[in-house]
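One structure below.
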Amino acid sequence: NAISSLSFKPRNWSNSRTVKLSGQAYFDVKKGSSFTVKTDDGTVKVLGTKFDIAAYGLYMTVTCYEGKVEVLTSNNPSKVLNAGQQVSVKDGHYYDLKTINDSTSDWRDKNLKFENLPLQNVLTELNKYYDYSFEMNVKHKNRYFTGQVPTNDIQKSLELIFAPLDIPYDFSNKELVF
């Protein structure tokens, strides 16, 4: 996904199928040898599955679409996710374990889905896709957004976010003020 990187050691790949992820990636792993994804927020071990990891440094969210994944953190025992489950990890602790009905990551379909997320976090996500600066009035700091927005149309995204919240905004010269 946007602003993401993935690295691995090709020389040792057959002995240690481990990748280092910063950002977000979708994986479709064929059954076989174990496969490990390490992030700054935790580690995910898999064996034949489809899953998504978002780990941008503030928190990590792991979503299992098919098969099983094992999520490990430094502060807790591992947590096994089955298909249709999602967990978030922050500061080494699990939170927000939930069931999902999606069959793939929204970002792969050029959409972002938000559920009761602080407006500042929504804008931080949008900033990964659009090269704009966002200036938020302090009175909107505690506002939350639930909805879906496209990652390929900034005007439509802003309208879908701000219209339901009844927040006026000014959008010009790659700067958004509201």
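Please give the contour-minus-distance gain from His140 to Asn15: 0.36 nm per residue of separation, less the Cα-Cα distance, rounded to one decimal in nm.
Length gained between His140 and Asn15: 39.9 nm.
Looking at the square roots a ≥ b ≥ c of the eigenvalues of the Cα gyration tensor of segment 83-141, which shape do they give, rounded for a/c under 1.5, prolate if a/b is larger than b/c, or oblate?
It is oblate, given that a/c is not under 1.5 and a/b is not larger than b/c.
Under 13 Å from the Cα of Lys98, which aspartates and glutamates turn up, not counting those fewer than eight places away in the same chain?
Partners found: Glu115.
Please report, in debye to the nearest 20, how large the charge dipole of segment 50-101 is about its Cα centre when each Lys and Arg carries +1 at its beta carbon and each Asp and Glu carries -1 there.
Computed about the Cα centre, the dipole is about 60 debye.
Of the heavy-atom accessible surface of the chain (probe 1.4 angstrom), what whole percent is carbon and sulfur?
45 percent
Any idea what the dipole of segment 1-91 comes to, in debye rounded to 20, about its Cα centre with Lys/Arg Cβ at +1 and Asp/Glu Cβ at -1?
400 debye
Given springs between every Cα pair under 10 Å in a Gaussian network model of the chain, which of Tyr26, Tyr144, Tyr56 has the largest fluctuation?
Top of the fluctuation ranking is Tyr144.
Once each part is reduced to its C-alpha centroid, what is the distance from segment 114-178 to segment 1-71 in angstrom?
Between the Cα centres of segment 114-178 and segment 1-71 lies a distance of 29 Å.
So who's got an amide H within less than 5 Å of the one on Ile100, skipping anything under 5 residues away but keeping other chains? H placed 1.01 Å off N, in plane.
Gln85, Gln86
Please report the net charge: other residues with Cβ closer than 11 Å to the Cβ of Ser74, K and R +1, D and E -1.
-3
Put +1 on the Cβ of every Lys and Arg and -1 on every Asp and Glu Cβ in the chain; which of Ser103, Thr124, Ser172 then has its Cα farthest towards the positive end of the dipole?
Farthest along the dipole direction, towards plus: Ser103.
Hey, any idea what Rg/Rh is for segment 1-97, computing Rh the Kirkwood way over Cα pairs?
My calculation of the ratio gives 0.94.
Taking the Cα centre of the chain as the origin, how large is its charge dipole in debye, to the nearest 20, when only Lys and Arg (+1) and Asp and Glu (-1) carry charge on their Cβ atoms?
The calculated dipole for the chain is roughly 900 debye.
Work out, in µm²/s and without decimals, the Stokes-Einstein translational diffusion coefficient of the chain at 25 °C, 0.890 mPa s, Rh from Kirkwood over C-alpha pairs.
After rounding, the answer is 140 µm²/s.
The values are calculated or read from the model by the stated rules, or taken from the named source; none is laboratory data. Not measured: the values here are computed from a predicted model. Note: ideal-geometry Cβ built from the backbone for every residue, glycine included; neighbour counts use all protein chains shown. Ligands, DNA and RNA are stripped out before the accessible areas are found, and what is left, the full protein with its side chains, is counted by its heavy atoms. Shrake-Rupley method; radii C 1.70, N 1.55, O 1.52, S 1.80 Å.
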